[in-house]
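Heads up: the structure comes next, in structure tokens.
The values are calculated or read from the model by the stated rules, or taken from the named source; none is laboratory data. Everything numeric in this text was worked out from a predicted model, so none of it was measured. A quick note on method: Cβ atoms are made from the backbone with ideal geometry, for glycine too, and the neighbour counts reach across all protein chains shown.
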Amino acid sequence: AVTKLVPRLCRDKTIWLASDTAMVPPPVLVEKGVSLCRVVQEPGQFIVVFPKAFTSSICTGYLVSESVYFAQPSWLATAQQIFDDIRESCEPSMFSLEKLLFSIATDTRSSVDVLNQILPMMLSIQDEEIARRKQLEELGLLNSERLPVNKRRKTRPTNDEEADYECDICRANLFLSFVTNTHEDGVYCLFHAIELLSKKRSQLKHCNFIYTYSEEELLELVEKLKSRIEIKSQKKLQGKNVQANKS
């Protein structure tokens, strides 16, 4: 329906409608067969919006509200593909998937089931990150700087808000590392930094590699994750054995 109503705003990408681009009157959507629901939110009530649902809010008076992102552990199974689609469509993400996974991996409250779920993703992130860092070194990028996690800021901050860095090309939320270009005042994810420097070696002298975790720390983090999974699995098994003996 939207492709017919506002074809110029639709794109030939996985995420075919860019964020915050179109306002279509509800009656027009209904005429085109779109399923539409109307909800009046009273004070103290919560509205749950599920993935792939489009929403529009209308305020009829003074409003103070807050949005909170949440997900069941099962969401992790599709998380990587979702963020890949967001990056390939050059859409900004509300948070960094890597940051979420690293937080889960280091949180002592994480269950063994969730840790087992994120382990393959952590291994993939580790391998991809190290491989791309080596590619940058081979291209001649040797200038590097460590960025403390608590000093991260957006490339172009607005209203003094804290935020992560964003790739100027794919708009990916950058947590682990990125490359800055002082000549072009640019910030790039490693993939697009490699692409840029492969074509423009002259930009090397203006570039700097910024990272929050060293390669050794990445490897150590994954090893600690494996160790935690093993320990928690043993405790879980022991607990089941105790219950079985009691019964």
Would you mind listing the strands (runs of 3 or more DSSP E) fully within the stretch 169-220 where at least 3 residues are of a type outside the set (Gly, Ala, Ser), assigned by TED's automatic domain parsing to the domain that holds Asp84 and farther than 21 Å from Asp85 by Cβ?
-> 177-181, 207-211
Scanning the stretch 66-95 residue by residue, the ones that are of a type in the set (Ser, Thr, Tyr) and in a helix (DSSP H, G or I) total 2
Which of (1) out of contact with any Cys (no Cβ under 8 Å at 6 or more places or on another chain); (2) in contact (Cβ under 8 Å) with a residue 24 or more places away in the chain; (3) not small (Gly, Ala, Ser) does Val48 not meet, given it meets every other one?
-> (2)
Failed criterion for Gly140 (all others in (1) small (Gly, Ala, Ser); (2) out of contact with any strand residue (DSSP E or B) (no Cβ under 8 Å at 6 or more places or on another chain); (3) modelled with pLDDT under 95 hold) = (3)
Are any residues in the stretch 87-126 farther than 16 Å from Leu174 by Cα, of a type in the set (Val, Ile, Thr) and surrounded by 13 or more Cβ atoms within 10 Å (Cβ to Cβ), and if so, which ones?
-> Ile104, Val112, Val114, Ile118
Where Ile229 falls short, out of the listed (1) within 18 Å of Ile130 (Cα to Cα); (2) touching a residue at least 24 places away in the same chain (Cβ under 8 Å) = (1)
Reported set for the stretch 208-247 where residues are over 24 Å from Leu119 (Cβ atoms), out of contact with any helix residue (DSSP H, G or I) (no Cβ under 7 Å at 6 or more places or on another chain) and either loosely packed, with under 13 Cβ neighbours inside 10 Å or not polar (S, T, N, Q) (or both) is Ile210, Asn241, Val242, Gln243, Ala244, Asn245, Lys246, Ser247
